[in-house]
Amino acid sequence: QVQLVESGGGLVQAGGSLRLSCAASGSIGRFNPMGWYRQAPGKQRELVAAISGDGTTTYADSVKGRTTISRDNAKNTVYLQMVTLKPEDTARYYCHGTWNFYDYWGQGTQVTVSS
């Protein structure tokens with residue numbers, strides 16, 4: 001059974017930073033791509049960042065320059081490093097991976113940025 005488990009969320013002041021982690025059961029090398037989405041109350045889930053198997057990255061315009069996605073295949077973990085956080089970054093962040101044309105999701109981790 002495939003599981004994606006997020007961690008690292010929390011409450012942070014504006015301007016602060018967080019690093020989210022997504023640990024996969026088994027090899028993350030089978031997922032292509034892997035990424036992070038977020039959903040704020042009353043809003044649709046949106047892509048934050050994604051990383052393909054060859055390391056190509058994609059970022060939402062709203063987080064470009066403030067966010068870095070990376071993957072450590074040896075640890076079966078994907079990271080999302082966020083700096084200069086803003087109140088509008090407040091949302092539940094979900095790890096996502098695509099494998100054999102099927103989408104897998106974690107349960108999410110809450111990020112709250114206070115002004």
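The values are calculated or read from the model by the stated rules, or taken from the named source; none is laboratory data. Note that the structure is a prediction, hence the values are computed from the model and not measured. Reconstructed Cβ throughout: ideal geometry from the backbone, glycine too, with neighbour counts over all protein chains shown. Each accessible area value is taken on the protein alone, full model and side chains, heavy atoms only, with ligands, DNA and RNA left out. Shrake-Rupley method; radii C 1.70, N 1.55, O 1.52, S 1.80 Å.
Data overview
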item	result
Accessible area per residue, Å², the chain with all protein chains present, probe 1.4 Å	54 Å²
Diffusion constant of the range 60-115 at 20 °C, which comes from Stokes-Einstein with the Kirkwood Cα-pair radius and 1.002 mPa s, µm²/s	165 µm²/s
Length added when fully stretched, Val5-Asp103, from 0.36 nm per residue minus Cα-Cα	33.8 nm
Check: the range 1-69 dipole with +1 on Lys, Arg Cβ and -1 on Asp, Glu Cβ, in debye	120 debye
Cα centroid separation, the range 32-61 to the range 1-16 (Å)	14 Å
Heavy atoms of Tyr102 accessible to a 1.4 Å probe, total area in Å² rounded to 10	130 Å²
Within the chain: Cβ-based charge dipole about Cα centre, in debye rounded to nearest 20 (Lys, Arg +1; Asp, Glu -1)	100 debye
Glu46, Glu88, ranked by accessible area, largest first (probe 1.4 Å)	Glu88, Glu46
Estimated inter-spin distance, Gln110 and Ser17, nm [label 7 Å along Cα→Cβ]	2.5 nm
Per-residue SASA entry for Arg19, accessible area with 1.4 Å probe, Å² rounded to 10	130 Å²
The range 13-57 - percent of accessible surface contributed by carbon and sulfur, probe 1.4 Å	45 percent
